[in-house]
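Remarks on the structure that follows.
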Amino acid sequence: MVENTFKDMNYSEYFTNRPTDQITRDLIGRPLTFTNQNNQVLGGYIVEAEAYMGRKDRAAHSYGGRRSPANEGLYRPGGTIYIYSQRQYFFFDVACQEENEPQGVLIRAIEPVWGIEQMIKNRSGKDGVLLTNGPGKMMQAFGIHSRNWDLHPLEESPFSIDLDDNKRKIPREIIATPRIGINQSDPYWAEKKLRYIVSGNPYVSGMKKHNYANNNGWT
DNA sequence: AACAAGATTCCCT
DNA sequence: GGGAATCTTGTTC
């Protein structure tokens, strides 16, 4: 399948029909925006995302078929928003695969482009890489303090991921690494490389200054 | 009913 | 690099 055919795909198609790790990798470089209640468009390019492979994935919230109101979104059809809260912070996921196949992708970081001034305000003045270089920080920059959009289909929400290949940025290199914050006893899932990042992009969480790449790692 | 453990962030040292 | 803040689930007493 040629990638530029995705331009005309809807979210439901995009977030199914391929393995979730492949979907996750394909999201790197695409624009993610959130339009707030004042009609301000906030967002940037996705530079970091993680795949969660469902019931069999020891690190997934749906591991072993675990299901509760808190992770119901994962069980919804591909393209459904799954917002999870933890320690006063919120995470933005999109469900992947068919209904009742609880896989998903976690968007962990963006390179800010649109509405930067407003996002800085939402982040209490935090600027530079600290603005959006983590999943909780990104949602705070969007001004999100609730699970209000949990369980809503992406196309019926203020969130938007532009699937037009002409609008995306092309990384010089996409690297796969183990996921962040996974300390499971099962080394297979703890070490499996399901986190995808733009190599050398400063907005990737934990990126060291001496690893910063020219042009933020874009071609 | 109490408690530990998370897909984290911030503010120290 | 370590500890606190602080919400929800699942486990155990």
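The table below lists the values:
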quantity: Cut-off under 5 Å, modelled amide H: who pairs with A:His152 long-range; calculated: A:Ile81
quantity: For segment A:34-104, convex hull volume per residue from C-alpha positions, Å³; calculated: 116 Å³
quantity: Net length gained if the chain between A:Asp165 and A:Arg55 were fully extended (0.36 nm per residue, minus Cα distance); calculated: 36.4 nm
quantity: Stretch gain in nm, segment A:Asn215-A:Ala190, where the contour uses 0.36 nm per residue and the Cα spacing is subtracted; calculated: 5.9 nm
quantity: Carbon + sulfur, % of accessible area of segment A:3-208 - ligands and nucleic acids excluded, 1.4 Å; calculated: 45 percent
quantity: Gyration tensor verdict on segment A:1-145 (Cα atoms; rounded if a/c is under 1.5, prolate if a/b is larger than b/c, oblate otherwise); calculated: oblate
quantity: Of A:Lys56/A:Lys192; A:Lys167/A:Lys193; A:Lys56/A:Lys193; A:Lys137/A:Lys208; A:Lys126/A:Lys209; A:Lys126/A:Lys193, those spanning more than 23 Å from alpha-carbon to alpha-carbon; calculated: A:Lys167/A:Lys193; A:Lys126/A:Lys193
quantity: Computed [θ] at 222 nm, deg cm²/dmol, chain A (DSSP H ≥ 4; -39,500 (n - 2.57); rounded to nearest 500); calculated: -3500 deg cm²/dmol
quantity: Amide H within-cut-off set for A:Arg76, under 5 Å, with H built and near neighbours excluded; calculated: A:Asn100
quantity: Charged-residue dipole, Cβ positions (Lys, Arg, Asp, Glu), segment A:3-208 about Cα centre, Debye nearest 20; calculated: 760 debye
quantity: Residue-wise HN-Hα coupling along segment A:83-97, computed from phi with Karplus coefficients 6.51, -1.76, 1.60 (Hz; x: Gly, Pro); calculated: 10, 10, 10, 7, 6, 6, 10, 10, 10, 9, 10, 10, 5, 10, 6
quantity: R0 of 22 Å, Cβ-Cβ distance A:Gln88-A:Asn36: FRET efficiency to nearest 0.05; calculated: 0.65
quantity: Cα convex hull of segment A:95-219 - mean projected area over all directions, nm²; calculated: 9.8 nm²
quantity: Packing rank of A:190-197, A:131-138, A:120-127, where each peptide gets the mean count of other beta carbons within 10 Å, highest leading; calculated: A:131-138, A:190-197, A:120-127
quantity: Farthest toward positive dipole pole in chain A [+1 Lys/Arg, -1 Asp/Glu at C-beta], among A:Gly79, A:Ile23, A:Ile46; calculated: A:Ile46
quantity: Long-range amide H partners of A:Phe92 with built H, under 5 Å; calculated: A:Ile107
quantity: Where a label projected 7 Å from the Cα of A:Glu155 along Cα→Cβ would reach, residues of segment A:26-56 with amide N under 17 Å; calculated: none
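The values are calculated or read from the model by the stated rules, or taken from the named source; none is laboratory data. Keep in mind that this is a model prediction, so the values were computed, not measured. All Cβ positions, even for glycine, are placed from backbone atoms using ideal geometry, and neighbour counts span all protein chains on display. Each accessible area value is taken on the protein alone, full model and side chains, heavy atoms only, with ligands, DNA and RNA left out. Shrake-Rupley method; radii C 1.70, N 1.55, O 1.52, S 1.80 Å.
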